[in-house]
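Visitor: Input: one structure, supplied below.
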Amino acid sequence: MSGAGEGERVWTVVEMIRWTTGWLQGKGFHNARLNAEMLLAGVLRLKRLDLYLQFDRPLRAEEVAEFKARLLRRAKREPLQYIEGIAHFRHLVLRVDARVLIPRPETEVLVDAVLAWARGREALSAADVGTGSGAIALALATEGPFARVVATDVEPGALDVARANHALAAPDAPIEFRLGESYGPLDGDRFDVVVSNPPYVGLDERDALDPEVRDWEPARALFAGADGLEVVRGLVSGACGVLRPGGLLALEVGAAQTEAVAEMVRAVPQFLEPAVLRDLSGRERIVTAELRA
C-alpha cells in the first residue's frame, strides 16, 4: 500500500479489501477477508455489509491513511474492538480499550440466566463483582427488574470505562460504581443477586491463549492463580455474607471448571444444589446457585 496516502494511487473499496485480504493472509490471519472488511467499514463509518453497495467508491487520501494506521495495529494482533474502540453486548454498544476485557457472547448467557431467575420479581438489587466495561451491570439495569445495581472493580481504569459507558448507553440506569476487590466494596450491603465474570484463567494456561487475548487484554482480569480458581473460591465462600436469603449467585467460569465450582458451592451448606448451564457453543460455562430462604 506504499504511496496510497501520497496521492500516487486512488484505491476503491473493493481494491482495498482484496489487497488487504491477501496481505493479512500472508501474515497468518485465517479470517483475513472479514478483518479487511471490518477495518474498512470502521474507517468509512459503515456497516460491513454496506461495503458491498459501495465497491467502486474511491477512497480519499485521509481515509487511506486512517485505514493504514488501523491495519498496522491489527497486524500486531490488537483486537478489532480495541482498534474500533467499541464492542457490542446484547442491545448495548460499549466503549472498550485495553483497560477492560472485551465483552463476549458467553457472558450474554450469564446475563440470560440472571434475567430468567429475576422474571416475575420486583425491585431487585444486584452486585456485579468485577464489572470491567460495565456490560453485565448495564444489561441487568436496563433489561431486568433491578432497582439498584452496584458494580465493582479492583482497577480504577476499568471503573472509568464503566462509568463512561453508563453515561453514554444508559445514564438513567440505577447503577452505582465502587472501587475494590471481591466483596470488600459492598461494605455489608445485602443483594438479591451476586453476578460475576471473574478472572478464571490459570497462569499455566497463559502460553496456550490466543495472542490477541494474552498480549492485549488486561492480565488482572484474565488470570487467577495457578488453577484459575483463586478469585472464584472467594466469591463462593463469601457469598452468604452478601446475598439475601433466597438470593442468587451466578458465575461465569472456564469450560473445564464447572464441576470444581459446583463442588465449592455444595461445600457451603446455605446453598441449594447448584445448576450448570451451557454457553452458545454447548460448553458448560455458567454456575448458578440459590441461597436457602
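Visitor: What longest range of the chain stays clear of loop-exposed GluC sites (Glu not before Pro) (DSSP non-H/G/I/E/B, at most 15 other C-beta within 10 angstrom)?
Guide: It works out to 9-121.
Visitor: Once the mean 1/r over all distinct Cα pairs of the range 94-179 is inverted, what Kirkwood radius in angstroms do you read off?
Guide: Result for the range 94-179 stands at 12.7 Å.
Visitor: Based on Cα coordinates alone, diagonalise the gyration tensor for the range 62-114, multiply each eigenvalue by 5, take square roots, and list the semi-axes in whole Å, largest first. Walk me through the intermediate numbers first.
Guide: Details: eigenvalues 153, 25, 13 Å².
Square roots of five times the eigenvalues give 28, 11, 8 Å.
Visitor: Further question: Could you work out the relative contact order of the range 4-76? I mean the mean sequence separation of Cα pairs under 8 Å and 6+ apart, divided by the number of residues, in percent.
Guide: Relative contact order for the range 4-76 comes out at 44 percent.
Visitor: Show which lysines lie in cross-link reach of LYS76 when reach means a straight Cα distance below 22 angstrom and same-chain residues fewer than eight apart are skipped.
Guide: LYS27, LYS68
Visitor: If you don't mind, there's one more thing I want to ask. Set Lys and Arg Cβ to +1 and Asp and Glu Cβ to -1, take the dipole of the range 133-231 about its Cα centre, and tell me which of PRO171, LEU159, GLY184 lies farthest positive.
Guide: PRO171
Visitor: Can you give the net charge of the other residues whose Cβ lies under 15 Å from the Cβ of GLU181, counting K and R as +1 and D and E as -1?
Guide: -2
Visitor: Helix 105-118 versus the longest principal axis of the chain: what angle, 0 to 90°, nearest 10, using Cα atoms?
Guide: 40 degrees
Visitor: Angle, helix 156-169 long axis vs. longest principal axis of the chain, Cα atoms, 0 to 90°, nearest 10?
Guide: That works out to roughly 80 degrees.
Visitor: Using the Cα atoms as the points, what is the convex hull volume per residue of the range 4-76 in Å³? Show your work: numbers first, answer last.
Guide: Working: hull volume 5.6 nm³, N = 73.
Convex hull volume per residue, Cα atoms: 77 Å³.
Visitor: Relative contact order for the chain: what percent, with Cα pairs under 8 Å and sequence separation of 6 or more?
Guide: On the way: 535 pairs, mean separation 38.9, N = 293.
It rounds to 13 percent for the chain.
Visitor: For every other residue with a beta carbon closer than 11 angstrom to the beta carbon of LYS27, add +1 if it is Lys or Arg and -1 if Asp or Glu, then tell me the sum.
Guide: +3
Visitor: From largest to smallest, what semi-axes in whole angstrom does the chain give when each is the square root of 5 times an eigenvalue of its alpha carbon gyration tensor?
Guide: Over the Cα atoms of the chain, the semi-axes work out to 41, 20, 16 Å.
Visitor: Right, another one. Lys and Arg at +1, Asp and Glu at -1: add these up for the other residues within a Cβ distance under 14 Å of GLY144 and post the number.
Guide: So the environment of GLY144 carries a net charge of -2.
Visitor: To continue, here is another question. Given contacts defined as C-alpha pairs under 8 Å and at least six residues apart, what's the relative contact order of the range 83-160, whole-number percent?
Guide: Result for the range 83-160 is 28 percent.
Visitor: Put +1 on the Cβ of every Lys and Arg and -1 on every Asp and Glu Cβ in the chain; which of GLY132, PRO105, ALA221 then has its Cα farthest towards the positive end of the dipole?
Guide: Farthest towards the positive pole: PRO105.
Visitor: Can you tell which of GLY144, GLY134, GLY22 shows the greatest fluctuation in a Gaussian network model of the chain with Cα springs below 10 Å?
Guide: Answer for the Gaussian network model of the chain: GLY22.
Visitor: To the nearest 10 degrees, how steeply does helix 13-26 sit against the main Cα axis of the chain, on a 0 to 90 scale?
Guide: Value to nearest ten degrees: 70.
Bear in mind that the values in this text are calculations on the coordinates, not laboratory data. Small disclaimer: the values here were computed from a predicted structure and weren't measured. Here the Cβ is made from the backbone with ideal geometry for all residues, glycine too, and neighbour counts use every protein chain on show.
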